[in-house]
Amino acid sequence: MLKRTVAATALPVLFEDAKMHLRVSDAAEDVLIQGILAASCELIGEKSGRVMAPETWEYATFQPKSDLKLPKNPVVSVTSITYSDPANATQSANLADFDVVSDPDCTVISPKPGKTWPTCINRADAFKVTFVAGYASIPDALRAAVLLMVGHFYENREATVVGTSAVELPMAVDALVAIHKVGWAGA
(Lines give C-alpha, C1' and ligand atoms only; values in the text may rest on other atoms or scores of the structure.)
Protein backbone atom coordinates (compact mmCIF):
# COMPACT_ATOMS: atom_id res chain seq x y z
CA MET A 1 0.00 0.00 0.00
CA LEU A 2 1.36 3.37 -0.98
CA LYS A 3 0.13 6.84 -0.18
CA ARG A 4 1.45 10.35 -0.54
CA THR A 5 1.41 12.01 2.88
CA VAL A 6 2.92 15.36 1.89
CA ALA A 7 2.51 16.65 -1.65
CA ALA A 8 5.11 18.73 -3.45
CA THR A 9 4.99 22.38 -2.47
CA ALA A 10 5.93 23.59 -5.95
CA LEU A 11 5.83 22.34 -9.51
CA PRO A 12 9.17 21.19 -10.95
CA VAL A 13 8.86 23.63 -13.88
CA LEU A 14 8.26 27.30 -13.17
CA PHE A 15 5.01 28.90 -14.34
CA GLU A 16 7.03 31.76 -15.83
CA ASP A 17 9.05 29.28 -17.90
CA ALA A 18 5.85 27.70 -19.21
CA LYS A 19 4.48 31.10 -20.24
CA MET A 20 7.78 31.98 -21.89
CA HIS A 21 7.73 28.64 -23.74
CA LEU A 22 4.23 29.44 -24.98
CA ARG A 23 5.24 33.01 -25.85
CA VAL A 24 2.31 34.33 -23.81
CA SER A 25 2.89 37.69 -22.15
CA ASP A 26 -0.54 38.71 -20.86
CA ALA A 27 -2.36 37.28 -17.85
CA ALA A 28 -5.65 36.43 -19.58
CA GLU A 29 -4.98 32.67 -19.63
CA ASP A 30 -2.84 32.29 -16.51
CA VAL A 31 -5.32 29.96 -14.79
CA LEU A 32 -5.52 27.75 -17.89
CA ILE A 33 -1.73 27.66 -18.28
CA GLN A 34 -1.25 26.84 -14.58
CA GLY A 35 -3.64 23.89 -14.92
CA ILE A 36 -1.96 22.69 -18.12
CA LEU A 37 1.45 22.94 -16.44
CA ALA A 38 0.30 20.92 -13.42
CA ALA A 39 -1.27 18.26 -15.67
CA SER A 40 1.85 18.10 -17.85
CA CYS A 41 4.10 17.62 -14.80
CA GLU A 42 1.84 14.85 -13.52
CA LEU A 43 1.75 13.15 -16.92
CA ILE A 44 5.53 13.21 -17.38
CA GLY A 45 6.00 11.95 -13.81
CA GLU A 46 3.70 9.01 -14.51
CA LYS A 47 5.22 8.27 -17.93
CA SER A 48 8.73 8.29 -16.47
CA GLY A 49 7.89 6.49 -13.23
CA ARG A 50 9.64 9.29 -11.34
CA VAL A 51 8.52 11.67 -8.63
CA MET A 52 9.01 15.08 -10.22
CA ALA A 53 9.35 17.21 -7.04
CA PRO A 54 10.07 16.29 -3.41
CA GLU A 55 7.11 14.61 -1.71
CA THR A 56 6.70 12.43 1.36
CA TRP A 57 5.35 8.93 0.85
CA GLU A 58 4.35 6.07 3.15
CA TYR A 59 4.79 2.52 1.93
CA ALA A 60 3.04 -0.19 3.98
CA THR A 61 3.47 -3.90 3.49
CA PHE A 62 3.61 -7.25 5.27
CA GLN A 63 6.71 -8.01 7.33
CA PRO A 64 9.62 -8.12 4.87
CA LYS A 65 11.31 -11.47 4.37
CA SER A 66 14.09 -10.16 2.12
CA ASP A 67 15.28 -6.83 0.74
CA LEU A 68 12.49 -4.25 0.57
CA LYS A 69 12.32 -2.23 -2.66
CA LEU A 70 10.64 1.18 -2.39
CA PRO A 71 8.09 1.88 -5.16
CA LYS A 72 8.91 5.56 -5.89
CA ASN A 73 12.10 7.14 -7.22
CA PRO A 74 14.40 8.96 -6.88
CA VAL A 75 14.46 8.52 -3.10
CA VAL A 76 16.03 11.41 -1.21
CA SER A 77 15.82 9.95 2.30
CA VAL A 78 14.11 7.38 4.48
CA THR A 79 12.65 9.27 7.43
CA SER A 80 11.10 6.51 9.54
CA ILE A 81 10.34 2.82 9.79
CA THR A 82 7.46 1.75 12.00
CA TYR A 83 5.79 -1.60 12.51
CA SER A 84 2.95 -3.26 14.36
CA ASP A 85 4.41 -5.87 16.71
CA PRO A 86 2.67 -9.23 17.34
CA ALA A 87 0.56 -7.55 20.08
CA ASN A 88 -0.53 -4.94 17.47
CA ALA A 89 1.35 -2.13 19.22
CA THR A 90 3.07 0.40 16.99
CA GLN A 91 6.85 0.42 17.34
CA SER A 92 9.57 2.57 15.78
CA ALA A 93 12.55 0.79 14.29
CA ASN A 94 16.03 2.23 14.62
CA LEU A 95 17.04 3.53 11.18
CA ALA A 96 20.69 2.84 12.07
CA ASP A 97 19.86 -0.90 11.95
CA PHE A 98 19.16 -0.75 8.21
CA ASP A 99 21.13 -0.26 5.03
CA VAL A 100 19.49 1.97 2.46
CA VAL A 101 21.01 1.57 -0.99
CA SER A 102 19.80 3.98 -3.67
CA ASP A 103 20.36 4.79 -7.28
CA PRO A 104 18.07 6.86 -9.53
CA ASP A 105 15.99 3.77 -10.44
CA CYS A 106 15.80 1.80 -7.24
CA THR A 107 16.06 2.06 -3.48
CA VAL A 108 16.41 -1.08 -1.40
CA ILE A 109 16.25 -1.36 2.39
CA SER A 110 17.73 -4.33 4.22
CA PRO A 111 18.84 -5.06 7.77
CA LYS A 112 22.52 -4.44 8.43
CA PRO A 113 24.72 -7.50 9.04
CA GLY A 114 23.83 -9.00 12.42
CA LYS A 115 20.39 -7.31 12.43
CA THR A 116 17.01 -8.71 11.39
CA TRP A 117 13.65 -7.40 10.32
CA PRO A 118 11.42 -6.70 13.32
CA THR A 119 8.69 -9.25 14.01
CA CYS A 120 5.33 -7.91 12.88
CA ILE A 121 1.71 -8.88 13.16
CA ASN A 122 0.47 -10.68 10.03
CA ARG A 123 -1.28 -7.77 8.31
CA ALA A 124 -0.84 -6.03 4.94
CA ASP A 125 0.10 -2.73 6.60
CA ALA A 126 2.19 -4.09 9.47
CA PHE A 127 5.51 -2.63 8.25
CA LYS A 128 5.66 1.02 7.18
CA VAL A 129 8.45 3.05 5.62
CA THR A 130 8.11 6.81 5.36
CA PHE A 131 10.40 8.38 2.79
CA VAL A 132 10.97 11.48 0.71
CA ALA A 133 11.22 11.03 -3.06
CA GLY A 134 11.54 13.50 -5.88
CA TYR A 135 13.97 15.67 -7.75
CA ALA A 136 15.28 18.89 -6.23
CA SER A 137 15.82 19.91 -9.87
CA ILE A 138 14.44 17.73 -12.66
CA PRO A 139 16.74 16.60 -15.47
CA ASP A 140 16.75 18.81 -18.55
CA ALA A 141 15.13 16.12 -20.71
CA LEU A 142 12.15 15.80 -18.35
CA ARG A 143 11.85 19.58 -18.14
CA ALA A 144 11.80 19.78 -21.93
CA ALA A 145 9.16 17.02 -22.06
CA VAL A 146 6.96 18.96 -19.61
CA LEU A 147 7.29 22.12 -21.71
CA LEU A 148 6.48 20.22 -24.92
CA MET A 149 3.35 18.86 -23.25
CA VAL A 150 2.38 22.33 -22.06
CA GLY A 151 2.63 23.56 -25.64
CA HIS A 152 0.74 20.57 -26.98
CA PHE A 153 -2.12 20.91 -24.49
CA TYR A 154 -2.27 24.68 -24.97
CA GLU A 155 -2.63 24.34 -28.74
CA ASN A 156 -4.88 21.25 -28.65
CA ARG A 157 -7.58 21.94 -26.08
CA GLU A 158 -9.98 19.24 -27.24
CA ALA A 159 -9.41 15.49 -27.46
CA THR A 160 -10.68 15.41 -31.04
CA VAL A 161 -11.84 17.88 -33.61
CA VAL A 162 -14.95 17.06 -35.65
CA GLY A 163 -13.91 15.69 -39.02
CA THR A 164 -10.29 14.97 -38.04
CA SER A 165 -8.50 12.32 -36.07
CA ALA A 166 -7.28 12.77 -32.53
CA VAL A 167 -3.99 14.61 -32.19
CA GLU A 168 -1.29 12.32 -30.82
CA LEU A 169 1.20 13.33 -28.18
CA PRO A 170 4.45 14.66 -29.62
CA MET A 171 6.94 11.85 -30.36
CA ALA A 172 9.68 13.99 -28.83
CA VAL A 173 7.99 13.66 -25.43
CA ASP A 174 8.32 9.87 -25.49
CA ALA A 175 11.94 10.14 -26.59
CA LEU A 176 12.80 12.61 -23.81
CA VAL A 177 10.97 10.63 -21.14
CA ALA A 178 12.46 7.31 -22.27
CA ILE A 179 16.00 8.29 -21.28
CA HIS A 180 14.87 8.90 -17.69
CA LYS A 181 12.22 6.18 -17.42
CA VAL A 182 12.66 3.99 -14.36
CA GLY A 183 14.63 0.93 -15.38
CA TRP A 184 16.33 2.54 -18.37
CA ALA A 185 20.02 1.67 -18.28
CA GLY A 186 21.12 5.04 -19.64
CA ALA A 187 19.47 7.16 -16.93
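Values for this structure:
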| read-out | value |
| --- | --- |
| Gain in span if fully extended, Ala96 to Leu2, counting 0.36 nm per residue against the direct Cα distance | 31.5 nm |
| Residues of the chain: accessible area per residue with a 1.4 Å probe, Å² | 56 Å² |
| Per-pair calculated FRET efficiency, R0 = 41 Å: Ala10 and Ala124 via Cβ, rounded to 0.05 | 0.80 |
| Carbon + sulfur, % of accessible area of region 1-158 - ligands and nucleic acids excluded, 1.4 Å | 52 percent |
| Principal-axis tilt of helix 140-155 within the chain, Cα atoms, nearest 10 degrees | 50 degrees |
| Added length on full extension, which subtracts the Cα-Cα distance from 0.36 nm per residue, Lys65 to Ser110 | 15.2 nm |
| Qualifying chymotrypsin sites (Phe, Trp or Tyr not before Pro) in region 1-107, DSSP loop, other Cβ atoms within 10 Å at most 13 | Phe62 |
| Test item: Cα-centred dipole of the chain, Lys/Arg +1 and Asp/Glu -1 on Cβ, debye | 640 debye |
| Using θ = phi - 60° and Karplus 6.51 cos²θ - 1.76 cosθ + 1.60, couplings along region 59-64 (whole Hz; Gly, Pro as x) | 10, 10, 7, 5, 4, x |
| Nearest-ten-degree value, helix 30-48 long axis tilted from longest Cα axis of the chain | 50 degrees |
| Exposed-loop-free span, longest in the chain, where GluC sites (Glu not before Pro) count as exposed if DSSP calls them loop and at most 11 other C-beta atoms lie within 10 Å | 1-157 |
| Length gained when the stretch Ser80-Glu46 is fully extended (0.36 nm per residue, less Cα-Cα span) | 9.7 nm |
| Loop-located trypsin sites (Lys or Arg not before Pro) in region 35-89, at most 10 other Cβ atoms within 10 Å (DSSP) | Lys65 |
| Stokes-Einstein translational diffusion, the chain - Kirkwood Rh over all Cα pairs, 1.306 mPa s, 10 °C, in µm²/s | 85 µm²/s |
| Point-to-point label distance, Ser25-Ala136, nm (Cα→Cβ direction, 7 Å offset) | 3.6 nm |
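The values are calculated or read from the model by the stated rules, or taken from the named source; none is laboratory data. Here the structure is a predicted model, which is why all the values come from computation and not from measurement. Here Cβ is always computed from backbone atoms with ideal geometry, including for glycine, and neighbour counts include all displayed protein chains. We work out accessible area using only protein heavy atoms, side chains counted, and drop any ligands, DNA or RNA first. Shrake-Rupley method; radii C 1.70, N 1.55, O 1.52, S 1.80 Å.
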